[in-house]
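> The structure's right below; bear with me while I get my questions together.
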Amino acid sequence: MQKMRVGAIALAAAVSVAAWARPVVAQPSRFTLGPAALELIAASQREKAARTPAERKIDSQLLQEMARREGRTSAGRLAGADEITLAQDAAGRLIVDIMTTEAGAAALQADVARRGGEVLSAIASAASASRISPVSPGSPASPRSPASAGARASAAARSATLRASVSLDRLRDIAARPDVIFIAPGREPKTHRRATSAISATSATSAASATSNTATTGSATATAATGAPARLAHGGPTTDAFSPINTGQGSKTTEGDATHLAYLARLLYGVDGTGIKIGVLSDGVNGLSSSQSRGDLGPVTVLPGQGGHGGEGTALLEIIHDLAPGAQLYFATAFGGTAQYGQNIRDLRAAGCDIIIDDASYFEESAFQDGQSAHAWTTSNGGLVTQAVNHVTASGAIYFSSAGNDGNVAYGTGAVWEGDFLDGGADPGGTPGHFHDFGGGWLGNYVWDSDERLTLKWADPLGGSANDYDLFLFNADATAILSSSTNIQDGTQDPYESVSGRSDAYLVIWKSNDAAPRFLNLSAHRGRLNIVTNGQIHGHAAAAQAIAVAATPVAAPRDTGTPGPYPNPFTTANTVESFTSDGPRRMFFQADGTPYTPGNFSSTGGIVRQTPVITAADGVSVTGFSFITGPFYGTSAAVPHAAAIAALVMQSRPGITPAEVRAALIASAIDIEAPGVDVNSGAGIVMAPAAIAAAGGVPSAVIEVDSFTATDNPGDGDGFIVGGEGAALAVALTNLASITATNVTATLSTSSPYVKVMEPAMRSYGTIAAGAVVNGSGANGATPWAFTVASDAPCGLTIDFVLTVSFTSSGPITSRVIHLAVPIGTTIDINGTLGSPVSSAPSFTATTGIQTGRIAGISFGDSPTCARPRSYPGIDSTASLHFDAYTFPVCGAPAVSSCTPITLDGVNVVPMRAAAFAPAFNPASLEENYLGDSGTSAIRQNFSVDTHSNGPLVVTVYEAVANVGVGTSYHLRLTGMCGSCVRNGVPTATARNMTVQADASGMAAASIDNGSSDPDGDPLTITQSPAGPYPVGVTTVLLTVTDPKGATSQATAAVTVLPIVITPPAPTAIYLLGEGATGGFFDEDVLIANPNPLALVVTLTFFKEDGTTVTETRTIDRESHLRIAVDDVQGLEATAASVQVSAAGGYPLIVERSMFWDEGRHYAGHTAPAVSAPAMPGSSRKVRKASSIRMSSS
Amino acid sequence: VNANPEPASVTMTFLREGQTPIERTLTVGAHSRLTVYAADVPELANQSFAIQVEATQAVVAERSMYFGSTPTQAWTGGHASGGSSLARQWSFAEGATGSFFDTFLLLGNPQASDARVEVTYLLDNGDVIVTPKVVPAQGRLTIDVARETDTRLRNAAFSTQVTSDVPIAAERSMYWPATQPWREAHNSAGVTELATSWGVAEGRAGGDHNFHTYLLLGNPQSMAANVTVTYLRSNGDPIVKSYVVPATTRYTIDVNGDVQELADSLFGARIDVTNGVGIMVERSMYWDANGIFWSGGTNATAARLP
C-alpha cells in the first residue's frame, strides 16, 4: 500500500528504540515531501542527465562542491544547507582517489603533477599489489592507454588507484583523460574506538584503581609490607582461582589479561606468544616510544613510511603485548585510502606476520561482494581491502578485524537497514523514478544522529552496476535536501552512494525507472537510524576467513548493560557492548563479481555468513599516550585481545593450522547472548586457557603467590623494615590450576646489593592441591625467610625479591619465577587541617603560610615518580594560596638516592594539592628547590620524589584556588622514610676451614668461627648448620651470626674430619728374613727399596745353618730399588741362610726376599717381607709367631 | 733364625683342626738358623695346622710350604710367610675367587677360649659382605671364600678384614689354577693396622718371564682415599702416579698397564695416602715359565713406612 499522496509525500517515522540510546532530539511525527522538495529531486535528476562524459566520471559530491565554488546553485541541494565534508591538504587542494588503469597510472601521475597536483600514492589493484613509480612532472607523458575510451571493452586491463591532492577546478580535465575510470573524494577510514562516556569513565577508573592497590605490594600497613591479591572464585576446568598479580606488562595493563585468563594461560601452558608475528593496522603509532620506555611495549617494526598518524595503533599493540609479550609486533597504518590499506595488509604478510589485525574500515567497502578482482574497474574500490584479507588468509595468515561499533538491533542501537527494494511509488511530479518504501509505507528513514557518512549499497557487482539508485538526505520538514549522492550507474560503476552524516534528518532512496529492484544496505554507521535491521557488519570484517570480533566490557559498559567481571574472568552472564555491530552478512557476489545465486539479488538470494565470529574485551586500560586517558572502549580494543590469545594458541601447538586455531577459539568460547552462535557475540567470548586446551594443550600446575608479609624481625619492633635490621618474609603459595602440584619448593633470592637472604633459602611447601593455599608463616606451612637489610640501604628502597618455585604436576612446566616487590622504610601519617598543621619533632616540623602561585597541572593525570621526575612546569595561577609545609630531616648523606612516595587524600582534598622541595621551601618562589608535585585534583593524589641526598625534604599541602582550602582536613602520607637516623650495624660472619680428627664415636666437633664481629659491639648469637659433631669426611658448614636486632650475616667453611688416628711406626733399623736358600735348585734374591731422600749404605748379614755368617755391604741410591742375587754373594753359592738387613743411620728400608725354582727355569717361587724386629720372649707364654698352612686339598 | 750371640730354646705348638695341639721343643744356635720339617712330626701327617713359636731369645720364624710334584718338577709350587704377633684385627688387601684362583682365609686361635670372629669382605664395586665365624680354642679355621653363603663371593676380587674378640693369627693363601691340581700358590699374613704410608721392595714387569705386578689396595673407611704411588726404580728418577680408592672398596693397580715406563725392569714402590684415610696394601707378582701362563706367582704384604 503506497503512502504517497499527490503533491505531498508523507514520511512518518516509527519510534521503536529505547530512549536512553538516543540524543535528545524530538522526532517529528510526520514527514511530508512537498512540491518544493519534489522539485529539488527533479532538479537533481536534470543535473544528473546533463553531465558531460568527464563529469560522469566524477563523484556527485565533488560535482556539487564544484558548483558551490563556481557560484552555481547545485542541483539537488539548497544553498548553504549541504554539509559536504571533503578532505583538503594545506594548500586547499582536495584529496581525491583517481581510479585508473595500471598501464595508464604512470602517465596520469605526471599529468596530475603538471596540473599542480601532488600524487600521494599510486597502487596497483593486482593481487600482488605493488606501488607504481611516478613519472616526474617534467617527463614526457606516456602514450595514452589504448584502453582509455574503450576501457570497458578491455576487461582484462588491470586497474590502479592514485591518491592525489588536486585543485577542484582541475578535476574535469583529469577526468577527461581516457585512462581515468572515476574520481572520488579521498576518504579515510573510521577506527572502531569509542570515546569514553561519562558513565564508564568513573566506574571503570574506580575498578582499575582498586586493582592497582591490590596488584602491587601492600606497603601501606602499619605493621608490615604485605601483598594480598584478591582471591576470586570462578568456574571452569582450569580456572579455579585467579590472582591479578603479574598480569600484563609495563605501567598499564589491560584488564582483559585477567578477564580472558590469558595471564593464567601463560602460566598453565608456558606460552607468551614467542615465535608468533602479529601485524596491526590502525591509524598510527603516536606515543610508541613513550610506551616502550615504560615497558608497555617492546620492539615494534613499523613498515617504512606507514607509521600513520594518531596513537590508536599504539594502544592495540600494548594490549597484545600485555597478553602475549613474547610476540613479535609489526605495524602499518590503515589510512591513506583503501588501496594503501590493502597494500599494507599484504606487506605485513610479506614481512612474515602470522596474525594480522585491524580496527579500521572504510565507508565504501562493499556489503555484498567478497573482494575485488584486479581487473575490476570500480568507482569506489569497495572490495580492495577484502581482497587483501582474502590474499593473506589464503597464504596462511589468521586475520582478525573489529566487528565495528555501528550498533545492533538487540540493544536498540541499530544503524543499518537491509532489505529488498520496495516500490514506494513514483514521483507524482513526473520525475522518472521511484521512492523506496522502508515498510509500512515509510519512505524516509529518520537519522537520530550521525556525524559520519551515510551510505547506500545494493546488490550489484563492483564496476558492474546498471541499476541507478540515488540517496537523498532531507531535513526534518522536507524543505531542503541536506545532502545527496547521485552518481550514475549505467553498467560500469559501483553500486554505491554516500552523503555526509547529519542528525534529525531523513534518508530517502530513489531508484531510476530503468533500475531493477535490488537488495539494499542503508547504513548510518556509528549513527542511529529509526528503522533498522540487523546485518551491520560488512566489508573486510565479513570476509570469508576473517574473524570479526565483537566487544564485551571488562568492567563498566561504555553506555549501558551488564558490567564486566574484572578482576574475575568472563562468564556466561556477560553481554556484548550495546554498540557492537551485529551480523549476519548476506553476500551476493564472489570476488570477481560472479553472483552466488545468479538471477536472485533479493533477500532470498546470495549466501548468509555468520558474523561476528567471537567476542573479546573492551573498556580496558592502556597508557593513554594515544588519546585521552580513560578506558579504551570499542571493538578496536576487543580485536587485539582475540589476536593475542590466538598467538598463545599457536605457540602452544607448533604447526597448528589457521583453521584449527579458528576452530579452537570458536569451540572454547563462552556462550553469551542468545544460546549458541548469535548475531551479536558470534560463538561468544574467547578464553585463553580453554582455547589452548581445545587446541590440544596440556596444562601444568600454576603455583602463585597468594599473599606475603614482610616485617622487621625483631628489628626495633615497630613493624617497619629499615636499614640494619633483620626481617622476615612469609609467603603463602596457592595453586591456580585444577591439577595438584607436588614437591613444591620455593627459593628466595634478590640481586639487591643491600639485602642478604639468609641461607638456607629454599622452603618446602609439599603438595598444593588445586585451589589450595599453603601458608608461609611456619604453622602447617613453610617457614618464613629471614633477610637482613644493609645499614647503608636507601630509605625508600623497594626490594625486588625473586621467588623461584619448582614443582611437579602432570604438565610439562616444572618451575616459574615470581617477583615480589617489598618496600622498606617507615611510614609517616599526618592528619592535618590546612592552616593548622601539626608538628611531631623530631620526625618532622610544620609551618603554615601563604605562597605565591599554583604549580601548573599535569596532563594525563600522570603524576611524577622518582623514575620519571617532573621538571618544574611553571605556575598557572599567580594567586596567593594557603599552605602547610612539613619539613622532614633526611638521614646522613648516603651515596645512593632515596625515593619517597607521597600521598595526599581525603574526601575534601580535591581543591588541594601537594608538592615537595629540598632542601627548603620558599613560598615566594615555587621553582626554588622544586622536586615534584601531584599536579592534579583528586581525592587521592600520588607522586614520589628523590631528594638526591639534598635534605631535608619539605612537603607542602596547599589550596589550588585562593581561600577554598583553609580549614580543610587532609591526610598526608610519606612512605619509605628513614625512621631513626641512627642505624644498627650489621655483624660480619668470618669462617675458616677446619680439619679435625674423629674421636672414638667416629665423629668430631669443630667451630668454623674465625672472629665474627659486630660493628656496634653487640653480643652475637653464633650458630652453625649443621651444628655438629661432624662425621668422617668433608662437611660444608654454614656459620650464622645474629645481633639483637636480628641483623644477620653468614659465611661457609669446610670441616674435614679424619677417620682414624694413625700412629706412625717407630723407625726401624734392622730387618730379618728367616728363609733363604741358594744352590742348584733355588735362586734367591733379597730386594731392598730405599724410600728416603738420600743414598744409604746397607749391610746384609747372612746366618748360615752352621753358625757362620757372611756380610755383604751395598749402597742404594735415594728413592731407588736394589736387587741382591744371593747366589752371587761369595760364600753363599749353595747354602741355606737367613739374612739380617740394616741401613746406616737407622733409616727405614723396605726389604723382601724372593726365591725361585728350579734353577734356570723359575717355574715357581715365593716371597716374604722382612720382619722388622726379632720376636722377643715374654715373661709368660707369649706368642711371637703364628702361621698356618693348608697341606692338601682335602 | 737366631741372630743373638746365645742359643735359643724354641717351643713349637702345632694347632690342629679339630684335634689337640702337638708340642715340640728345639734349640737354635747362636747366629744361626734352624730348619724344621713338619713332616718329621708323625702326628701332623695329613693335617692342617697352625704353628705357635715361643723362644727364650728373640728369634724370627718363617714358614715355607712346597707342594705338587711332576716328573720334571720337584715342587710345582710353594709359598712362604713370616709371622707376627697375635691381634684382634687383621686386614688383607688381596683376595680373588672365580675360575682361576682359590682363596683361603686361615685363622689360628692359640687362646684357651673360642674366638668370635667377624669377616668383612670389601668388593671392588664397593659392596660390603659381613660373615660371623667361630675359631675354636687352640684350633684353626679354614675359610674357603668361594664357598661363603653370599653368592657375590663366587667370582670376586676383594679385600678382607677380620676382627676377633680375642687375639688370633690370620693368613690368606691363594692357589691356582682353580681347576685343580693346583700348580702354584702364595700366602701372606695380614696387617694388624691400617696406615697411610706403605712400601714394597719388589716389583717386576716384563722380562724373559713376562712378569706382571699388581698393587692391591683395600679401603675399609667411609670416605675415599687419595693415593699417590711412587715407583722406586733401579735406575732413574721415581715415577709418581695418583689414584682414588673409593670408600669400602678393594682397588687394583695393574702396574704393567698403568706405568709403561717400568717395562722390563725391577722396582719397588711406596704408597702414600694424602687425605689421612688409612688403607691396607699388598703386592702380587706373576710370571710365565715353560710355556705356562702364570706358572709362578708371589704375594707380599706391604711394609708400613713412618
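> Among the strands (runs of 3 or more DSSP E) lying completely within the range B:216-306, list those that include at least 3 residues that are within 8 Å of chain A (Cβ to nearest Cβ) and among the hydrophobic types (A, V, I, L, M, F, W, C).
B:265-273, B:280-289
> If you don't mind, there's one more thing I want to ask. Scan the range A:505-514 residue by residue and report those that are in contact (Cβ under 8 Å) with a residue 60 or more places away in the chain and among the aliphatic types (A, V, I, L, M).
A:Leu507, A:Val508, A:Ile509
> Still on this structure, please answer the following. Against the condition within 7 Å of chain B (Cβ to nearest Cβ), closer than 21 Å to B:Thr301 by Cβ and of a type in the set (S, T, N, Q), how does A:Ser1120 come out, does it pass? Can you show your working first?
Details: within 7 Å of chain B (Cβ to nearest Cβ): yes; closer than 21 Å to B:Thr301 by Cβ: no; of a type in the set (S, T, N, Q): yes.
Spelling it out, it is not the case that A:Ser1120 is within 7 Å of chain B (Cβ to nearest Cβ), closer than 21 Å to B:Thr301 by Cβ and of a type in the set (S, T, N, Q).
> Hey, another quick one. Taking A:Ala659 as meeting all but one of (1) among the hydrophobic types (A, V, I, L, M, F, W, C); (2) surrounded by 24 or more Cβ atoms within 10 Å (Cβ to Cβ); (3) more than 18 Å from A:Gly404 (Cβ to Cβ), write down the number of the exception.
It fails just one condition, (2).
> Specify which of the listed residues (A:Val1110, A:Val1097) is surrounded by fewer than 21 Cβ atoms within 10 Å (Cβ to Cβ), touching a strand residue (DSSP E or B) at 6+ places or on another chain (Cβ under 6 Å), free of Cβ contacts under 8 Å to residues at least 40 places away in the same chain and more than 8 Å from chain B (Cβ to nearest Cβ).
Exactly one residue qualifies, and that residue is A:Val1110.
> OK, next. So which residues in the range A:1069-1084 are assigned to a strand (DSSP E or B) and either polar (S, T, N, Q) or closer than 11 Å to A:Ala1134 by Cα (or both)? First the steps, then the outcome.
First pass over the range A:1069-1084, keeping only residues assigned to a strand (DSSP E or B): A:1070-1073, A:1077, A:1082-1084.
Answer for the range A:1069-1084, where residues must be assigned to a strand (DSSP E or B) and either polar (S, T, N, Q) or closer than 11 Å to A:Ala1134 by Cα (or both): A:Ala1077, A:Phe1082, A:Asp1083, A:Glu1084.
> Looking at this structure, is B:Ala170 in contact (Cβ under 8 Å) with a residue 40 or more places away in the chain, more than 8 Å from every other protein chain (Cβ to nearest Cβ) and either more than 15 Å from B:Leu123 (Cα to Cα) or more than 18 Å from the chain's Cα centre (by Cα) (or both)?
Considered against the rule, which asks whether it is in contact (Cβ under 8 Å) with a residue 40 or more places away in the chain, more than 8 Å from every other protein chain (Cβ to nearest Cβ) and either more than 15 Å from B:Leu123 (Cα to Cα) or more than 18 Å from the chain's Cα centre (by Cα) (or both), B:Ala170 comes out as yes.
> Follow-up. May I ask you to verify whether A:Ala1053 is over 47 Å from the mean Cα position of the chain (by Cα), more than 11 Å from chain B (Cβ to nearest Cβ) and at negative phi?
Details: over 47 Å from the mean Cα position of the chain (by Cα): no; more than 11 Å from chain B (Cβ to nearest Cβ): yes; at negative phi: yes.
The answer is no for A:Ala1053.
> Ok, one more. Look at B:Ala112 and say whether it is touching a residue at least 40 places away in the same chain (Cβ under 8 Å) and either closer than 30 Å to B:Val244 by Cβ or of a type outside the set (Val, Ile, Thr) (or both).
No.
> Filter the range A:714-727 for residues that are buried (at least 20 other Cβ atoms within 10 Å of the Cβ) and either at pLDDT 95 or above or of a type in the set (Asp, Glu) (or both) and give the result. Steps first, answer last, please.
Of the residues in the range A:714-727, the ones buried (at least 20 other Cβ atoms within 10 Å of the Cβ) are A:715, A:720-727.
A:Glu725, A:Gly726, A:Ala727 - these are the residues of the range A:714-727 that are buried (at least 20 other Cβ atoms within 10 Å of the Cβ) and either at pLDDT 95 or above or of a type in the set (Asp, Glu) (or both).
> If you don't mind, another one. For the range B:151-164, check the following and say yes or no: at least one residue is outside any strand (DSSP E or B), over 19 Å from the mean Cα position of the chain (by Cα) and either within 14 Å of another protein chain (Cβ to nearest Cβ) or within 15 Å of B:Arg16 (Cα to Cα) (or both).
no
> Can you name the residue in the range B:178-191 that is out of contact with any Phe, Trp or Tyr (no Cβ under 6 Å at 6 or more places or on another chain) and more than 9 Å from chain A (Cβ to nearest Cβ) and is also farthest from B:Glu261 (Cα to Cα) among such residues?
B:Thr179
> Filter the range B:88-123 for residues that are acidic (Asp, Glu) and surrounded by fewer than 22 Cβ atoms within 10 Å (Cβ to Cβ); which is nearest to the chain's Cα centre (by Cα)?
The qualifying residue nearest to the chain's Cα centre (by Cα) is B:Glu118.
> Next question, about the same structure. Picking from A:Val802, A:Val822, which residue would you name as being surrounded by 19 or more Cβ atoms within 10 Å (Cβ to Cβ) and either touching a Pro at 6+ places or on another chain (Cβ under 9 Å) or touching a residue at least 24 places away in the same chain (Cβ under 8 Å) (or both)?
Values: A:Val802 fails: surrounded by 19 or more Cβ atoms within 10 Å (Cβ to Cβ).
Sole residue among the options that is surrounded by 19 or more Cβ atoms within 10 Å (Cβ to Cβ) and either touching a Pro at 6+ places or on another chain (Cβ under 9 Å) or touching a residue at least 24 places away in the same chain (Cβ under 8 Å) (or both): A:Val822.
> For B:Met285, which of the numbered conditions (1) on the phi > 0 side of the Ramachandran plot; (2) in contact with an Asp or Glu (Cβ under 8 Å, 6 or more places away or on another chain) fails to hold?
Going through (1) on the phi > 0 side of the Ramachandran plot; (2) in contact with an Asp or Glu (Cβ under 8 Å, 6 or more places away or on another chain) one by one, B:Met285 breaks only (1).
For (1) in contact with a Lys or Arg (Cβ under 8 Å, 6 or more places away or on another chain); (2) buried (at least 24 other Cβ atoms within 10 Å of the Cβ), each residue gets a yes or a no:
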site	(1), (2)
A:Thr378	no, yes
A:Val389	no, yes
A:Tyr399	no, yes
A:Thr413	yes, yes
A:Asp427	no, no
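> Just to check your reading of the model, which residue among A:Gly248, A:Gly273 is under 22 Å from A:Ala821 (Cα atoms) and at pLDDT 50 or above? It would help to see each step written out before you state the result.
Values: A:Gly273 fails: under 22 Å from A:Ala821 (Cα atoms).
Going through A:Gly248, A:Gly273 in turn, the sole match is A:Gly248.
> Test each condition in (1) touching a strand residue (DSSP E or B) at 6+ places or on another chain (Cβ under 7 Å); (2) modelled with pLDDT of 75 or more; (3) assigned to a loop (DSSP other than H, G, I, E, B) for A:Pro23 and report the one that comes out false.
(2)
> Consider the range A:762-773. How many of its residues are surrounded by 16 or more Cβ atoms within 10 Å (Cβ to Cβ), closer than 30 Å to A:Thr1042 by Cα and of a type in the set (Gly, Ala, Ser)?
So the answer is 0.
> Which numbered condition trips up A:Leu471, out of (1) farther than 13 Å from A:Asp504 by Cα; (2) modelled with pLDDT under 95; (3) hydrophobic (A, V, I, L, M, F, W, C)?
(2)
> Can you find even one residue in the range B:28-38 that is closer than 28 Å to B:Trp176 by Cα and under 17 Å from the mean Cα position of the chain (by Cα)?
Within the range B:28-38, not a single residue is closer than 28 Å to B:Trp176 by Cα and under 17 Å from the mean Cα position of the chain (by Cα).
> Looking at the range A:303-316, is at least one residue under 30 Å from A:Ser700 (Cα atoms) and crowded, with 18+ Cβ neighbours inside 10 Å? So that I can check it myself, show each step before the final result.
To start, the set of residues in the range A:303-316 that are under 30 Å from A:Ser700 (Cα atoms) comprises A:316.
Next cut, crowded, with 18+ Cβ neighbours inside 10 Å only: A:316.
Yes, that holds for at least one residue.
> A follow-up question, please. Does the range A:442-468 hold any residues that are closer than 12 Å to A:Ala505 by Cβ and either touching a helix residue (DSSP H, G or I) at 6+ places or on another chain (Cβ under 6 Å) or crowded, with 24+ Cβ neighbours inside 10 Å (or both), and which are they?
If the condition is that a residue be closer than 12 Å to A:Ala505 by Cβ and either touching a helix residue (DSSP H, G or I) at 6+ places or on another chain (Cβ under 6 Å) or crowded, with 24+ Cβ neighbours inside 10 Å (or both), then A:Gly444, A:Asn445, A:Tyr446, A:Val447, A:Ser450, A:Leu454 are the ones that fit.
> Which residue out of A:Thr597, A:Thr571, A:Thr615, A:Thr604 is crowded, with 21+ Cβ neighbours inside 10 Å and either in a loop (DSSP other than H, G, I, E, B) or not basic (Lys, Arg) (or both)? Walk me through how you get there before you give the answer.
Details: A:Thr597 fails: crowded, with 21+ Cβ neighbours inside 10 Å; A:Thr571 fails: crowded, with 21+ Cβ neighbours inside 10 Å; A:Thr604 fails: crowded, with 21+ Cβ neighbours inside 10 Å.
Of the residues listed, the single one that is crowded, with 21+ Cβ neighbours inside 10 Å and either in a loop (DSSP other than H, G, I, E, B) or not basic (Lys, Arg) (or both) is A:Thr615.
> Just to verify a result, which residue in the range A:505-524, among those that are touching a Lys or Arg at 6+ places or on another chain (Cβ under 8 Å) and either surrounded by fewer than 24 Cβ atoms within 10 Å (Cβ to Cβ) or of a type in the set (Lys, Arg) (or both), is nearest to A:Asp420 (Cα to Cα)?
Among residues in the range A:505-524 that are touching a Lys or Arg at 6+ places or on another chain (Cβ under 8 Å) and either surrounded by fewer than 24 Cβ atoms within 10 Å (Cβ to Cβ) or of a type in the set (Lys, Arg) (or both), the one nearest to A:Asp420 (Cα to Cα) is A:Phe519.
> Mind listing whichever residues of the range B:48-85 are within 7 Å of another protein chain (Cβ to nearest Cβ), touching a residue at least 24 places away in the same chain (Cβ under 8 Å) and over 18 Å from the mean Cα position of the chain (by Cα)?
B:Val53, B:Glu54, B:Ala55, B:Thr56, B:Gln57, B:Ala58, B:Val59, B:Thr76
The values are calculated or read from the model by the stated rules, or taken from the named source; none is laboratory data. The structure presented is a predicted model; accordingly, all values stated were derived computationally and were not measured. Every residue, glycine among them, receives a Cβ derived from its backbone with ideal geometry; neighbour counts consider all protein chains shown.
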